[in-house]
Structures are given as C-alpha cells and as structure tokens.
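Take a look at the structure set out below.
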Amino acid sequence: IKFSTDATMEFHLNDFQDKQSLASKISQITFNGGNTYTDKALRMVRTDGLTAAHGSRAGQGVPQIVVVLTDGGSSNPDSTESELKLFHAENYIVFAIGVETKDLKMDELHAIASEADNVFSVDNPDGLLEIRKKLLTRLCTQSNKATSLMKKKP
C-alpha cells in the first residue's frame, strides 16, 4: 500500500507466485507527492490488505507483519490515533520506519510500532540499506516469537 494524500493498493499478498514478479512490481511503484494520511494506509491494511481473500494466513498461525515507512507526521492525527486503536487490536507485528524530515514525528512512529524496538529512523532513503540487516533480524525474531505463542494457544 502506497500512501500520501490517498492510499493506493499496489498489490495484494496473493497477486504474485514468485519473488521475481513481486520485485518487478515493487520496482515499478512510483513516488507521489502529497500529504501524509497515515490513517488511510492503516485502514486499508486492516480492511483490505491483510484479509484472507487477499492472501493473509492469520487463521493458519502465520504472524501478520506490517512495515510502515513514512517521511512525515500524519496530516490527520486524530483519525490516525483512532485507527491505531483498531489496528493494534488486530495484534499485527508492526514496524515503523521514518525518513527524517522536518515533518517526521518520532512520537507517532512509536505509537504506530507494536514495540519500542520496532522503530527505526534514517537520514535519507539511502539509509534504508543501512538498517536492512537490523530490520530483518528484528523482523525474524518477532515472527518466531509470535509463531511460538500461536502454537501454545489451545
């Protein structure tokens, strides 16, 4: 899901069957300027993105992982706060990555993330490569932890 003034579903989890097709689609996604309506993106993840019809396997013991990448604070903070309450009730594992600009709000990144250690910030988009290993390690740790907890539930 790409978001700015509007949220756009670029693809669903079950749209591709191989890594190369997925990577090709991702490389074709363009940047749109606009405002930062984080609430719209969160709502779209919750109501359309992570659904069984579109490839989510939540009911099959697969952790639901969301990575939010933003360069600004929400343009509608009250709606974002309301949406975050619903969003976190879904028990997603959420990572929040901020590209530092004058508009970035670290407190909002912490509100988005499911755990304090799931917040990252970079100086510029190239910085994403620098945090890649740390993010992947954290992502795998969180996923394994969630999978273990799901297996223990009756």
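Quick notes on this one:
- Some residue of region 59-67 being modelled with pLDDT of 95 or more and not acidic (Asp, Glu): yes
- Scanning region 126-136 for residues that are of a type outside the set (Lys, Arg) and under 16 Å from the mean Cα position of the chain (by Cα) yields a total of 4.
- Residues in region 92-115 that are open to solvent by 50 Å² or more (accessible area, probe 1.4 Å) and in contact (Cβ under 8 Å) with a residue 40 or more places away in the chain: Asp103 alone.
- Candidates in region 26-39 are the residues that are over 18 Å from the mean Cα position of the chain (by Cα) and not polar (S, T, N, Q); of these, the one that is surrounded by the fewest Cβ atoms within 10 Å (Cβ to Cβ) is Gly33.
- Filtered by the rule that a residue be outside any helix (DSSP H, G or I) and either open to solvent by 60 Å² or more (accessible area, probe 1.4 Å) or in contact with a His (Cβ under 9 Å, 6 or more places away or on another chain) (or both), region 116-148 gives Val119, Asp123, Asn124, Pro125, Asp126.
- The residues of region 71-89 that are polar (S, T, N, Q), in contact (Cβ under 8 Å) with a residue 40 or more places away in the chain, in contact with a helix residue (DSSP H, G or I) (Cβ under 7 Å, 6 or more places away or on another chain) and buried (at least 17 other Cβ atoms within 10 Å of the Cβ) amount to a single one, Thr80.
- Residue within region 15-25 that is hydroxyl-bearing (Ser, Thr, Tyr) and open to solvent by less than 30 Å² (accessible area, probe 1.4 Å) present: no
The values are calculated or read from the model by the stated rules, or taken from the named source; none is laboratory data. The shown structure was predicted, so the numbers you read here are calculated from the model rather than taken from an experiment. Using ideal geometry, Cβ is built from the backbone for each residue, glycine included, and neighbour counts are taken over all protein chains shown. To get the accessible areas, we keep the full protein, side chains included, count just its heavy atoms, and leave off ligands, DNA and RNA. Shrake-Rupley method; radii C 1.70, N 1.55, O 1.52, S 1.80 Å.
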